[in-house]
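Contents: one structure, followed by commentary.
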Amino acid sequence: MDIYVLLKKTFDTEEKIVVSNGRIEDDGAEFIINPYDEYAIEEAINQRDEHGGEVTVVTVGDEESEKQLRTALAMGADKAVLIDTEDDLEDGDQYSTAKILEAFFEDKEPDLILAGNVAIDEASGQVGPRLADRLGISYVTTITALTIEEETAKIDKDVEGDIEKVEVPLPVLVTCQQGLNEPRYPSLPGIMKAKKKPLEELEIDDLDLDEDDVEAKTKTVEVFLPPEKEAGRVLEGELDDQVKELVSLLKDEAKVL
Amino acid sequence: MDFELTKEQQMIQQMVKDFAEGIIKPRAIEIDKEAKFPIDIFKEMGELGLLGIPFPERYGGSDGDTISYAIAVEEIGKVCGSTGLSYAAAVSLGASPIYYFGTEEQKQTYLKPLAEGKALGSFGLTEPNAGSDARGTKTTAVEDGTDYIINGEKCFITNASFAKTIIVTALTGKGDSGKDIISAIIVPTDTEGLTITSNYDKMGVRGSDTAEVILDNVRVPKANLLGDPTKGFKQFLYTLDGGRISIAALGVGLAQASLNKALTYAKERKQFGASISNFQAIQFKLADMAMEVELARNMVYKAAWLKDNQKPFTKEAAYAKLFATETAFRAANEAIQIHGGYGYMREFEVERYLRDAKLLEIGEGTSEIQRLVIARQLGC
């Protein structure tokens, strides 16, 4: 099976987000593999181990994304591709990424493409479905189980806590939800071997794309932090009075009723 | 000069950090309280290749370097001193001597399972009357046909209750100058006559196994002699030099953990209408801690780098061990002070850091011995 994983690097969850001049400061920030993409990598490795084939991890990013790709190789992926857009793309959006990936997949015949359900930074959940649409293949989002028999993928899909059972023919693109598996830690021998595995570096030029082709379709108008959470309040007194007070607070103070 | 870690070193750091925080940290308080050696954690560490970092693949290792190993010890030390100490001792003392001095056959038989993390190894040097003065060793190994018969008593031996092999130092005769010859012999722990008991009730690193080893007519083949029979003393000095880098790394881990806890707490804790991190009395403590942690880490990396580049590192390993472990003690002490009454409670963990750090100033050469080593290197 020819298996591909779409990977994005995201801020380390421990990083403090600082906004200045309408942009998120990323100088000196630590980056990690988007946690949902880790499920995708783990699933890809498991499917390969069961059915044979090869796992290729692809990212659209910059020079620094090599670290996350190497980590995926250390976990057990076979090959990695870094599409470096640093020089060509000022502010890409989901359109840009899907368009670039479409070009990348043009001469390939994937059986299975796995991505994270969402990236924890912008959380759009768009790139996977958009790419599948452009490639003209099926897609299933937020999957929590995957069994492949012959040319059919049997999938459990998380629907707001319930499970939907889906069967779909290959090739298919899936986005991975928490609960699908438990991503492994890359082993030490895995890390040492990762440096010998192939990591191909491409620019959009190599995919016959121009800057104009991948220009973002959206514009970021403003970036701001959520308001600081204020301390909660515990109501006291008789239950009936508490309910009355709560209702009036919701009406007059919080203005949600 | 290049102060940047390699990509592999960064990945190892990230992996060990994730593992330590995910698997070890939630159990650190319990490990200390129950004084129970977390053998299952060591099994997992073995599967990840952590116990074989500085050994080549052909001996079951991960082909990493000393810097990577030091990074791993630091990351584990940040969450659990007990696990960190047993880890450092297993690699530096239990396995490394076989790698440094063993024959090819000894490496295949005894090093491989240790490097693969399938078993743990110990190093039996200390005796009731031979601590800093290792020349006071009383354990003897007498030749008998093709065997050695070993008799003696070892104490404070890390991991011995869980070890598959113990490298035991023993007197094997007298040299031309009349000086005692000390040799190192690999003793499988299932050998008859070997009794291992772990009854110590320790102040810190309570989850790290520490045992007493009694050798009563223990018979092992002469082929188990490690390295040059006449150079046992020199060999274990070299072994201890390497071990000091890992104990220093453990000190950096504890010191960094102390700083992290103290800084977080100082920002949250409000007194006199402001976070206590606004007060210079607290700021100066934090500034000193941060500076010392960084200096200690740099010294550890340098000593490790020297070892990786086959340069002399005895003095630098002593600098690193002395400074990093004393930094760990100071940082833990200040972290408790910054936490005030809360810091005295187990739940806040900084009191454990202090108890754990104290051991580092004693084990694998006391601070005083480190100063002696440095002075000798200076030509005194």
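Observations, loosely collected:
- The set of residues in segment B:1-20 that are more than 7 Å from chain A (Cβ to nearest Cβ) and over 11 Å from A:Y185 (Cβ atoms) comprises B:M1, B:D2, B:F3, B:E4, B:L5, B:T6, B:Q9, B:Q13.
- A:T218 vs. criteria in contact (Cβ under 8 Å) with a residue 24 or more places away in the chain and assigned to a strand (DSSP E or B): no
- Which listed residue is within 17 Å of B:V252 (Cα to Cα) and buried (at least 20 other Cβ atoms within 10 Å of the Cβ), from B:Y59, B:Y69: B:Y69
- Taking segment B:299-380 and the helices (runs of 4 or more DSSP H) fully enclosed by it, the elements with 1 or more residues that are at pLDDT 95 or above and aromatic (F, W, Y) are at B:314-339, B:350-360.
- Matching residues in segment A:169-198 - criterion: being of a type in the set (A, V, I, L, M) and surrounded by fewer than 17 Cβ atoms within 10 Å (Cβ to Cβ): A:L170
- Residue in segment A:191-206 that is within 30 Å of A:N21 (Cα to Cα) and out of contact with any Gly (no Cβ under 8 Å at 6 or more places or on another chain) present: yes
- Top-ranked residue of segment A:8-30 - restricted to ones that are free of Cβ contacts under 8 Å to residues at least 40 places away in the same chain and among the small types (G, A, S), ranked as surrounded by the fewest Cβ atoms within 10 Å (Cβ to Cβ): A:G28
- Output for segment A:39-75, where each listed residue is more than 24 Å from A:A103 (Cα to Cα) and of a type outside the set (G, A, S): A:Y39, A:E42, A:E43, A:I45, A:N46, A:Q47, A:R48, A:D49, A:E50, A:H51, A:T71, A:M75
- When residues of segment A:197-215 are limited to those that are more than 14 Å from chain B (Cβ to nearest Cβ) and assigned to a loop (DSSP other than H, G, I, E, B), the one farthest from A:E102 (Cα to Cα): A:P198
- Residues in segment B:208-225 that are among the charged types (D, E, K, R), closer than 10 Å to B:D147 by Cβ and not in a strand (DSSP E or B): B:K222 alone.
- Filter result (surrounded by fewer than 21 Cβ atoms within 10 Å (Cβ to Cβ), of a type outside the set (S, T, N, Q) and away from chain B (no Cβ under 14 Å)) within segment A:31-57: A:R48, A:D49, A:E50, A:H51, A:G52, A:G53, A:E54
- Contact map, segment A:185-196: first residue more than 7 Å from chain B (Cβ to nearest Cβ), second residue surrounded by 21 or more Cβ atoms within 10 Å (Cβ to Cβ) and not hydrophobic (A, V, I, L, M, F, W, C), Cβ cut-off under 6 Å, separation 6 or more or different chains; pairs are A:A194/A:R70.
- Evaluation of A:K79 against (1) closer than 23 Å to A:R184 by Cα; (2) among the basic types (K, R); (3) surrounded by fewer than 16 Cβ atoms within 10 Å (Cβ to Cβ) (one fails), failing number: (3)
- For segment B:21-54, a residue qualifies if it is hydrophobic (A, V, I, L, M, F, W, C), facing another protein chain (nearest Cβ under 10 Å) and either surrounded by fewer than 21 Cβ atoms within 10 Å (Cβ to Cβ) or in a helix (DSSP H, G or I) (or both), and the qualifying residues are B:I23, B:M45, B:L50, B:L51.
- Condition check for A:D12: out of contact with any strand residue (DSSP E or B) (no Cβ under 9 Å at 6 or more places or on another chain), acidic (D, E), farther than 22 Å from A:T152 by Cβ and modelled with pLDDT under 95: no
The values are calculated or read from the model by the stated rules, or taken from the named source; none is laboratory data. The structure presented is a predicted model; accordingly, all values stated were derived computationally and were not measured. Cβ coordinates were reconstructed from backbone atoms using ideal geometry, including for glycine residues, and neighbour counts include every protein chain displayed.
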